[in-house]
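Take a look at the structure set out below.
The values are calculated or read from the model by the stated rules, or taken from the named source; none is laboratory data. As the structure is a computational prediction, the values presented were derived from the model and not from experiment. In this analysis, Cβ positions are derived from the backbone assuming ideal geometry, glycine residues included, and neighbour counts consider all displayed protein chains. For the accessible areas, the whole protein counts, side chains as well, though only heavy atoms, and no ligand, DNA or RNA atoms are used. Shrake-Rupley method; radii C 1.70, N 1.55, O 1.52, S 1.80 Å.
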Amino acid sequence: MRKSLSLMASAAYVSMSVFAYAQSHQPWLDKSKTPDERAKLVIAAMTLDEKIILLHGIMPLALLSDSEITFPEDSIPGAGYIAGIPRLGIPALKETDASLGVTNPLGSRPGDVATALPASLALGASFNPALAYEAGAVVASEARKKGFNVLLGGGINLTRDPRNGRNFEYIGEDPLLSGIMGGEAVRGTQDQNVISTVKHYVLNAHETNRHTLDALIDRAALRESDLLAFQIAIERGQPGAIMCAYNKVNGAYGCGDDWSLNEVLKKDWGYKGWVLSDWGAVHSVDYAVAGLDQQSGAQLDKEIWFDKPLKAAVQDGRIPESRVTDMAYRIVHAMFAVGVVDNPPVPADIDYKKNAETALKIAQQGIVLLKNENDLLPLVQSAKRIAVIGGQAHMGVLSGSGSAQGTPSNGPTKVIPIGGHGDFSVFRNAIYYPSAPVAEIQKLVPDTKVLYDAGLHPLDAADLAKKSDVAIVFVTRHELEGYDVPDMNLPHGQNELIAAVAAANPRTIVVLETGNPVTMPWLDSVGAVIAAWYPGQEGGQAIAEILLGKINPSGRLPITFPVNDAATVRPELPNRGAEADAQVSISYVEGADVGYRWHAKSGVKPLFSFGYGLTYTSFEYSNLKVRGGDTVTVEFDVKNTGKTAGADVPQLYLRTTPQEPSVRLLGFERVELAPGQRKRISFKADPRILAKFDESARQWSVAGGDYKVSIGKSASDFVLDGTARIKDYTIKP
């Protein structure tokens, strides 16, 4: 026993000696120092060549047949790899796409799966910041156990166009909602010692010609909309990295835009992390001067600009070495701040069953009940026959494609090839996750006949619907990165299918599995509609539970549903049919008035408003108190006046400023209440949402005077009104 104790003491002494040696010879490994101190110390020990090592990385995937790059032994097949500096104790950065879960692009890691979460729009529809934190933590914990230390996600861009093929990766159309939810996902990620990357900075609102598109917008309006969403997310989550976008903004490529990267992000906001490029988005070594810190997936660019060309530019004086030092500093600062150096990834088993609970929870809270005529839902379990029609509902639930495409942990997917051309045509497959709604519905009603029809022929579907107590029509639209949908219609004759079924049985329910709003010419003839988005790997169960009343729906729309394409700011998809390399532009004339703000300003009534959603119970608001001063502060009561427990999402809106009518979301909270239960809610508005941005003065200006505010159930349904007197003042940018 004494010998064992002696050996343990000797081992402890050796360990302490090694630690002491590291402290004295590599003081940046001293955990008691601040990230800033540690970053400065390690940067001072680096050579120019070592700094440049950190500034460019490869995509460790054998996707390019002519690639001559040899992948490092410690790289993991995935999105990105940046070599470390072993002599200084700086680890490599191993990056994975992870907007909706850890991806396994094209099966590059055979047999590797991950929890596949619902679309970000579903997370946005939950209006639940705590759930966003949980989602970030789940994805990061799985990434860490797979060996990754950087997540490339998620999207903070506002959903400006209901045809954008990548909207399913974004949270919604409002800067407050997107900023808060995105910031909480960042916090959840980085609390797992994994660096979070928010993207795509900035104004990546269309996929058509995304590599050549010039997004034109007033700079002040951009500050009040997309940039404000990023600013709130950064303040709340402090992400280690920002990914810049492919598109141009007012003539400058997003990854080489001095104004947005240097002036706004780093100077005005004081951002301390680093800016990494999107893959294949760097066109010049001069992007380093414009604010880009790291070239990603460098083999996809014409040249590895941030390697030998950058060193040559430093040596001939075109780029100061101090800039290279700053670039490297920002990267190692984030690595120390997040814990990547001190707590490296450790391979470990993953509790996929437990993590699936989070995927299920997001789907449950994100499903939005849009219509429920005569309380058709929840379905009574006395039904003898339920017809389930279309949407491959016997097979699974649809997912969005591209770099966010997951490989679910709960079973094999079903793949329907679509084909096509373009950079992302290899991802143009409709992939269904294995949570099949037909089977999940049958589980909940074992004594009921649940009969499925593929919906290929409307007459056959109508015959089945006529013989059934209720008909549930599942409709889908596949959407993906790299492609916008040409219009808001459902493809494959699904509108005609719904019309035929509804004519045969008025007790028809429509379930939407899409990444965007759709037109609903059949809306008046159906009894109920739910928006399930792309509901993730547990989506079939969540849909069944909503339909049968096991879960009370509580989702609220994070994006406005226009009546049709004509009732949008751009009635036709911009640049539709343009050649891939065409130099095109879009003038975002709506400015800061995105989504519901544009509808309110233009007087165009939407089909369903931002913030809208029904439940199986009822809520009332009362006892409003409003105070002014520097900003608007409100208190009010919300009460569940129904017979069922449920969750409500009361929302605070600005209605008018001293200058003009202006509808803007000022606050929201998801609250769960039992029947008869009442809760006091309070909101304090971010004064920047009350303000206008003065670009010439580089500041927010809050006009003094009276501000009308309302508590509402959506952006067009206001219940309680009040007025606050606000003083005149300015806010730093």
- prompt: Under unit Cβ charges (Lys, Arg +1; Asp, Glu -1), what dipole magnitude, rounded to 20 debye, does the chain have relative to its Cα centre?
  reply: 1960
- request: Take the Cα gyration tensor of segment 95-145, multiply each eigenvalue by 5, square-root it, and list the three semi-axes largest first, rounded to whole angstrom.
  value: 22, 12, 7
field: Intensity falloff of the chain expressed as log10 I(q)/I(0), Debye formula with alpha-carbon point scatterers, at q = 0.06, 0.11 Å⁻¹
entry: -0.36, -1.18
- prompt: If we sort 724-733, 39-48 on the protection proxy, mean other Cβ atoms within 10 Å, highest first, what's the order?
  reply: 39-48, 724-733
message: Please list 103, 325 from largest to smallest accessible area, probe radius 1.4 Å, with all protein chains kept in place.
response: 325, 103
statement: Checked segment 132-238 against the a/c 1.5 cut and the a/b vs b/c comparison, axes a ≥ b ≥ c from its Cα gyration tensor; verdict prolate
Percent accessible area from carbon and sulfur atoms, segment 521-605, protein chains only, probe 1.4 Å: 48
- prompt: Where the accessible area of segment 253-395 is counted over protein heavy atoms with a 1.4 Å probe, how much of it, in %, is carbon and sulfur?
  reply: 50
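Just the number, please: carbon plus sulfur as a percent of the accessible area of segment 154-216, 1.4 Å probe, no ligands or DNA/RNA counted.
On the way: 340 of 750 Å².
Roughly 45 percent, rounded to a whole number.
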task: Go ahead and estimate [θ] at 222 nm for the chain from helices alone: -39,500 (n - 2.57) per DSSP H run with n ≥ 4, summed, over the residue count, rounded to 500.
output: -8000 deg cm²/dmol
statement: Per segment 315-384, sqrt(5λ) over the Cα gyration tensor eigenvalues, sorted largest first, in Å, gives 54, 22, 8
query: Shape call for segment 308-464 from the C-alpha gyration tensor, a ≥ b ≥ c root eigenvalues: rounded (a/c under 1.5), prolate (a/b greater than b/c) or oblate?
result: prolate
query: Quick one: Karplus J couplings for segment 572-588, per residue in order, coefficients 6.51, -1.76, 1.60, θ = phi - 60°, nearest Hz, x for Gly and Pro?
result: 10, 4, x, 6, 4, x, 5, 5, 4, 9, 6, 7, 10, 8, 9, 8, 7
- request: May I ask you to derive the relative contact order of the chain, considering only C-alpha pairs under 8 Å and at least 6 residues apart, and to give it as an integer percent?
  value: 14
Segment 367-440 - charge dipole about Cα centre, Lys and Arg +1 at Cβ, Asp and Glu -1, debye rounded to 20: 200
field: Cβ-based charge dipole, the chain, positive-most Cα from 546, 557, 407
entry: 546
query: Between residue 275 and residues 5 or more places away or on another chain, which pairs have amide H atoms under 5 Å apart, with H built 1.01 Å from N, and which residues are they?
result: 242, 293, 294
task: Using a 10 Å cut-off on Cβ atoms, rank the peptides 496-507, 540-551 from the highest mean neighbour count down.
output: 540-551, 496-507
task: Could you tell me what percent of the DSSP beta bridges with both partners in the chain are antiparallel, to the nearest 5?
output: 60
message: At a threshold of 8 angstrom on Cα-Cα distance, excluding pairs fewer than six apart, so keeping six or more, what relative contact order does segment 236-324 reach in percent?
response: 25
- line: For segment 674-680, in residue order, the Karplus 3J(HN,Hα) values (coefficients 6.51, -1.76, 1.60; θ = phi - 60°; whole Hz; Gly and Pro = x) are 7, x, x, 6, 10, 9, 8
task: Return one whole number: the accessible area per residue of the chain in Å², for a 1.4 Å probe.
output: 37
- prompt: Using the scaling law 2.2 N^0.38 Å as the reference, what is the normalised Cα Rg of segment 592-655?
  reply: 1.40
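Which number do you get for Rg(Cα) / (2.2 N^0.38 Å) in segment 444-492? Intermediate values should be presented prior to the final figure.
Numbers: Rg = 15.2 Å, N = 49, 2.2 N^0.38 = 9.7 Å.
With N residues counted in segment 444-492, Rg over 2.2 N^0.38 Å equals 1.57.
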statement: If amide H atoms are modeled at 1.01 Å from N in the peptide plane, then the residues at a separation of 5 or more from residue 452, or on another chain, having amide H under 5 Å from its own are 388
statement: Of the candidates 137, 222, 121, the farthest towards the positive dipole end of the chain (Lys/Arg Cβ +1, Asp/Glu Cβ -1, centred on the Cα centre) is 137
field: Shape of segment 595-733, Cα gyration tensor, a/c cut at 1.5
entry: prolate
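What ranking, highest mean first, results for peptides 675-683, 221-229 when packing means the other Cβ atoms within 10 Å averaged over each residue?
The most tightly packed comes first, giving 221-229, 675-683.
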- prompt: Where does segment 541-677 land on Rg(C-alpha)/(2.2 N^0.38 Å)?
  reply: 1.37
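Where the only charges are on Cβ atoms (+1 Lys, Arg; -1 Asp, Glu), what is the dipole of segment 60-129 about its Cα centre, to the nearest 20 debye?
With Lys and Arg at +1 and Asp and Glu at -1, about 240 debye.
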- prompt: Along the positive direction of the dipole of segment 637-733 (beta-carbon charges: Lys, Arg +1; Asp, Glu -1; about the Cα centre), which of 726, 665, 675 reaches farthest?
  reply: 675
- prompt: Angle, helix 494-504 long axis vs. longest principal axis of the chain, Cα atoms, 0 to 90°, nearest 10?
  reply: 30
message: List the residues, sorted by chain then number, that are 5 or more residues from residue 249 or on another chain and whose placed amide H is less than 5 Å from its amide H.
response: 215, 254
- request: Note down the relative contact order for segment 61-154 as a percent, whole number, built from C-alpha pairs under 8 angstrom at least six residues apart.
  value: 30
- prompt: How big is segment 415-503 on each of its three principal axes, counting only the C-alpha atoms and giving the largest first in Å?
  reply: 48, 28, 17
- line: Taking only C-alpha positions in segment 249-336, Rg and Dmax in angstrom work out to 12.4, 36
field: Residue-count net charge about residue 666 - beta-carbon cut-off 12 Å; Lys, Arg +1, Asp, Glu -1
entry: +2
